[in-house]
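**Q** Submitted below is the structure of interest, expressed as structure tokens.
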Amino acid sequence: MKPCVFIHTNHKQYLGALVSLHSMRRNSRHADEFDVKLIEYETYQDFFAKYEGRTYSRDGDNRVWDKEDLQSFTPLGFMPPELMNYEGRAVVVDPDVFAVQDVWDLLSRDMQGKAIMCRQRGTPPHYASSVMLLDCAKLKYWKLSSDFDALFTGRREYKKWMNLGYEDPASIGLLEPEWNDFDKLTAKTKMIHNTRRKTQPWKSGLPVDFIPAESNLLNPAMLFNRLRRKLFGTYAFLGNYKEHPDERQTQLFFGYLKECLANGLVTEALVKEHMAANHVRHDAFDVIGRTPPIENVLPKAA
């Protein structure tokens, strides 16, 4: 079985996932040696439907599972070992992660016996599951059906799961931050992650449709967000998505999207459909028109 890059997504981030898929292939010198596949929420909607409207623990609060959540795809990030029949290597990324350099360098690297490789974020150590290199044979205990169900029976907490808090730290190796560069595009960047949701380049100007972080209630902004959500509704007073402060990152996304339109991976009709659904900014074609060729945007590798 070929190594595989998996991109997990839902209908709200589907266009981003297609652009991510394109970036993985077009920037690799070894594109014929690995597969790139989407894991779509809609494919598993019958499974998730059993949990719709049920509560689970997240950030010290009870949340309601909602398929319309911008990040309802996140549990699917733990499916690749199952999909690979617990064999071989896989990379799994969020749909807002885009290759800048060759992902084969990640797929083929020495894992030094670790089951998982990812970047660390924060202290005490939390791990970013948004980009993971997996030795699938070492992860036979990852089973989405039982792990997801554990959220709703009090045996699992969402944020701890996403931060790999249920894994043995000895089984986790650390990646260089450049493999999951948080809203930073430099000559060292290997994969860029537009993780600041409010400035994701393809969403600018649209009404905000995500729940801001609420994990630290000693933080006045997070406390306010929780109270706002409970008193006035999920997205009340959140305003609109903003332009990304780094224009090159907007150009990177739309440069890739321009190539997707040229090679047929994405159609104009699909972009218009996602614009109408408020999943993609309404001036997307104007932005594409003024975006320079991707070769003029990609930084020269260090």
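**Q** Report, by residue number, each residue of region 46-64 that is within 20 Å of the chain's Cα centre (by Cα) and modelled with pLDDT of 95 or more.
**A** Applying the first criterion (within 20 Å of the chain's Cα centre (by Cα)) to region 46-64 yields 48, 58-59.
Within region 46-64, F48 is the sole residue that qualifies.
**Q** Looking at region 52-99 only, could you name the residues that are among the polar types (S, T, N, Q) and over 25 Å from K190 (Cα atoms)?
**A** T55, S57, N62, S72, N85
**Q** Let me ask you something else. Kindly indicate whether Q71 is modelled with pLDDT under 95, under 18 Å from L18 (Cβ atoms), of a type in the set (S, T, N, Q) and surrounded by fewer than 23 Cβ atoms within 10 Å (Cβ to Cβ).
**A** yes
**Q** Okay, moving on. Of the numbered conditions (1) touching a residue at least 24 places away in the same chain (Cβ under 8 Å); (2) within 20 Å of the chain's Cα centre (by Cα), E178 satisfies every one except a single condition; which is it?
**A** That leaves (1) as the condition not met.
**Q** List pairs: first in region 96-115 and more than 29 Å from V280 (Cβ to Cβ), second among the acidic types (D, E) and at pLDDT 95 or above, Cβ under 8 Å, 6+ apart or cross-chain?
**A** Pairs found: W104/E33; M111/D135; K114/D135; A115/D135; A115/E167.
**Q** Can you list residue pairs whose Cβ atoms sit under 9 Å apart, with the first residue in region 60-85 being over 28 Å from N278 (Cβ atoms) and the second being aromatic (F, W, Y) and not in a loop (DSSP other than H, G, I, E, B)? Count only pairs 6 or more apart in sequence or on different chains.
**A** Listed pairs, sorted by first residue: F78/F148; F78/W161; P80/F6; L83/F6; M84/F6.
**Q** Which one of these is surrounded by fewer than 18 Cβ atoms within 10 Å (Cβ to Cβ), closer than 21 Å to S129 by Cβ and either among the acidic types (D, E) or touching a helix residue (DSSP H, G or I) at 6+ places or on another chain (Cβ under 6 Å) (or both): D32, D66, D46?
**A** D66
**Q** Mind listing whichever residues of region 10-28 are of a type in the set (S, T, N, Q), touching a strand residue (DSSP E or B) at 6+ places or on another chain (Cβ under 6 Å) and under 21 Å from P75 (Cα atoms)?
**A** Of all residues in region 10-28, those of a type in the set (S, T, N, Q) come to 10, 13, 20, 23, 27-28.
Now drop any that are not touching a strand residue (DSSP E or B) at 6+ places or on another chain (Cβ under 6 Å), which leaves 20, 23, 27.
Of everything in region 10-28, just one residue is of a type in the set (S, T, N, Q), touching a strand residue (DSSP E or B) at 6+ places or on another chain (Cβ under 6 Å) and under 21 Å from P75 (Cα atoms), namely S20.
**Q** Would you mind stating whether P95 is over 30 Å from N278 (Cα atoms), surrounded by 23 or more Cβ atoms within 10 Å (Cβ to Cβ), modelled with pLDDT of 95 or more and not acidic (D, E)?
**A** No: the conditions fail for P95.
**Q** I'd like the full set of residues that are outside any loop (DSSP other than H, G, I, E, B), touching a residue at least 24 places away in the same chain (Cβ under 8 Å) and surrounded by fewer than 12 Cβ atoms within 10 Å (Cβ to Cβ), limited to region 264-295. Spell out how you get there, then give the answer.
**A** We begin by selecting, within region 264-295, every residue outside any loop (DSSP other than H, G, I, E, B); these are 268-276, 284-290, 294-295.
Retained after the next criterion (residues that are touching a residue at least 24 places away in the same chain (Cβ under 8 Å)): 270-271, 274, 284, 287-288, 294.
Hits for region 264-295: nothing passes.
**Q** Please go through region 131-162 and give me each residue that is surrounded by fewer than 17 Cβ atoms within 10 Å (Cβ to Cβ), hydrophobic (A, V, I, L, M, F, W, C) and over 24 Å from G173 (Cβ atoms), ordered by number.
**A** If the condition is that a residue be surrounded by fewer than 17 Cβ atoms within 10 Å (Cβ to Cβ), hydrophobic (A, V, I, L, M, F, W, C) and over 24 Å from G173 (Cβ atoms), then A150, F152 are the ones that fit.
**Q** Name the strands (runs of 3 or more DSSP E) wholly within region 1-63 that hold at least 3 residues that are of a type in the set (A, V, I, L, M)?
**A** Strands (runs of 3 or more DSSP E) meeting the threshold: 35-40.
**Q** Turning to a different aspect of this structure: Select from region 150-175 the residues that are over 18 Å from the mean Cα position of the chain (by Cα) and either assigned to a loop (DSSP other than H, G, I, E, B) or free of Cβ contacts under 8 Å to residues at least 40 places away in the same chain (or both) and list them in ascending order.
**A** Selection gives A150, F152, T153, G154, R155, R156, E157, G165, Y166, E167, D168, A170.
**Q** Next up: Return yes or no: is Q101 touching a Lys or Arg at 6+ places or on another chain (Cβ under 8 Å), in a loop (DSSP other than H, G, I, E, B) and modelled with pLDDT of 95 or more?
**A** It is true that Q101 is touching a Lys or Arg at 6+ places or on another chain (Cβ under 8 Å), in a loop (DSSP other than H, G, I, E, B) and modelled with pLDDT of 95 or more.
**Q** Related question: Quickly run through region 180-212 and pick out the residues that are more than 24 Å from L238 (Cα to Cα) and touching a helix residue (DSSP H, G or I) at 6+ places or on another chain (Cβ under 6 Å). Reasoning before the result, please.
**A** Pass one, region 180-212, residues more than 24 Å from L238 (Cα to Cα): 180-181, 184-192.
Matches in region 180-212: L185, K188, T189, K190, M191.
The values are calculated or read from the model by the stated rules, or taken from the named source; none is laboratory data. Bear in mind that the values here come from a model prediction, so they are computed numbers and not experimental data. Virtual Cβ from ideal backbone geometry, glycine too; neighbours counted across all protein chains shown.
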